[in-house]
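Presented below is the structure to which this report refers.
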Amino acid sequence: MEKKARKSVHGLRLMVIGCIAVIVIVIASVYLVFSGGQTLKLAETSTGKYEEAMNNGYELEIKSQVQSAIAIIQGYYDQFKAGKFATEEEAKNAAKEAIRSMRYRDDDSGYVWIDGMDYVLVMHPILPEQEGTNRRDMEDQNGVMITQEIVKAAESGGAYNQFYFTKSDGKTVAPKLAYAEAFEPWGWAVATGNYIDDMQKEIDKTGEGIQDTFHSMIRNLVILSLVILAVAIVVAILVGNRIALPIIAMERDLGQIANGDLRFKVNPRYIKRKDEIGKMASSMETVRASLSTLVGGISSLAQKLQADSQSFSDHFENVAQNIGSVNRAVSEIAEGATSQASDTEVVSNRVKDLERVIDMEKDAVSRLETAITSMMDYSDNAVKNIELLSSISEKTNHAVTFVNEQTQKTNESVGNIQQAIAVITSIAEQTSLLSLNASIEAARAGEQGKGFAVVAEEIRKLADESNKSASEIGEVVSLLISNSDLSVDRMQDVSSNVQEQMNRLKETKTAFESLYEEIRSVEEVSGNIDIQTNKLEDLKKAVSDSVNSLASVIEQSAAGAQETSANMNMLNANIDGSVDDLTELVTLNDDLMKEIGKFQV
């Protein structure tokens, strides 16, 4: 079972690592595909935008060059107006030469030319031989009237137009984008342009650089994804160990709890964690400590109960012995009372003989003195026995009181056991509630919470077993309480009987003291018989009454002794019943000690 549980926990560990790795792989793949797609899309978009920006830049470039050239021409014109040139033609020539020398672009391939509004070429730095010629009818291979379109664009206030034109090598014909703007004072159309294929080459070259950059970015994304995947696998292993290793340790701890071994402690490192593992470890340590304290408390109470039960049993044995002694003493009292009754009857007969045989007075008086002496001896012994019986009854009363107090203490100990059982039941219910909450949280966690749900189920089963054990202990304790209550009731009956016995003994003692005094009176009468012989007839009636009274007292003493003996027999029977109950209590306590002995604290 333990190997299967460990296999299950190791499987959970691999499952956690695998889930994290799969999630990271999926995320990395999605990120790679999405980022790569977005990068390619961005590359295409960037290339398009770059091409558009380059075209706009080329247009802006040629426009700004034309406007710069017009600004230069305007400067020469202003100088002419200011009289710095002798003639206007001189100013125009200076302006043309200044424009002829203008170059732009990195390779100085850009230049500016001037056409007249009458289509006559005023200045062209590449085609100086055509200066002064009318180019009105010049057209390209597509039939575009080049000079007419340039003049038209200039007259419109500045515009772009396209046409095919021969490059500076004199051989290559390529499409060209031109911009023209008019300098009205001199009737010039100032123009410049860029060959579109040259612009496209630059754009393509730059686009290839952009593509290479984006391809490099994609390679870096792939490498980064692989690095992230490797790091994620390492993190998955670390996280899997962080989740699974505490569960393995706590599963082992739960096995020790299930085997009744509470001597261990949950790893403090797991308890200090702030996640659910830490809460579970803290709860397990609380349960372990509570069970350890509870079992230790129950064991101590059971040991104390065992010691008290043994002491209680010893006291009961002493009480039984004392009751036997009291019973024997009461039997002797009963026998003495019977003997006294017989002697009293003899005295009565002798008194009657005295009435009949007055002349046998001396002999009768002698026998009377003998009888009185015997009666005094018997009376003296009876008083001593009554005093002894009273002392024994007093001890019996103290013993019964002590037994009653011990029984009350036993009841209190059993009540403490009930409170401990209530604590066990409360802890078991709280543990069951915690396992239910843990199962709910595990259900919310889905696949990742299955292992946690298994642990929660084991905790719930442990809580149910604890609750069941607490219920069984509660039944045993209830039986203890019932037997203890019965013992208390019986001890109260015994106490009442002993108290009644002591009261009867006091009455008997009083009766015997009266008897003793009567006997002394008879002795005095008998001592004076010789002197009072003449008065014997008068005293005969008094002696007869005294003898009758003595017989009545002796009969009462005999009846009291028999009743005391019956009460002692009943008390002895009750003591025997209490001993049986105490034996059953000791047996139940031994069973409780055996159950507690299963735990190792």
For this session: Taking LYS171 as meeting all but one of (1) of a type in the set (D, E, K, R); (2) exposed (fewer than 13 other Cβ atoms within 10 Å of the Cβ); (3) not in a loop (DSSP other than H, G, I, E, B), write down the number of the exception.
Result: (3)
For this session: Report yes if ASN142 is of a type in the set (S, T, N, Q), at pLDDT 95 or above and either out of contact with any Gly (no Cβ under 6 Å at 6 or more places or on another chain) or exposed (fewer than 15 other Cβ atoms within 10 Å of the Cβ) (or both), otherwise no.
Result: no
For this session: Would you confirm whether any residue within region 262-283 is of a type in the set (S, T, N, Q) and either at pLDDT below 80 or crowded, with 17+ Cβ neighbours inside 10 Å (or both)?
Result: yes
Exercise. Would a scan of region 221-231 turn up a residue that is crowded, with 18+ Cβ neighbours inside 10 Å, free of Cβ contacts under 8 Å to residues at least 60 places away in the same chain and assigned to a helix (DSSP H, G or I)?
Worked result: no
Exercise. Among GLN430, GLN448, which is the only one that is modelled with pLDDT of 75 or more and surrounded by fewer than 18 Cβ atoms within 10 Å (Cβ to Cβ)?
Worked result: GLN430
Exercise. Does ILE126 fit the bill of being modelled with pLDDT of 95 or more and aliphatic (A, V, I, L, M)?
Worked result: no
Problem set entry | Test: residue in region 464-475 that is more than 29 Å from the chain's Cα centre (by Cα) and either modelled with pLDDT of 75 or more or part of a helix (DSSP H, G or I) (or both) | yes
For this session: Considering only residues that are buried (at least 18 other Cβ atoms within 10 Å of the Cβ) and touching an Asp or Glu at 6+ places or on another chain (Cβ under 8 Å), look in region 510-531 and name the one that is modelled with the lowest pLDDT.
Result: ILE529
Problem set entry | Criterion (surrounded by fewer than 17 Cβ atoms within 10 Å (Cβ to Cβ) and not in a helix (DSSP H, G or I)) met by exactly one of ASP115, ASP107 | ASP107
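The values are calculated or read from the model by the stated rules, or taken from the named source; none is laboratory data. This structure is a prediction, so every number in the text was calculated from the model and none was measured. Ideal geometry is used to build each Cβ from the backbone, glycine not excepted, and the neighbour counts take in all protein chains shown.
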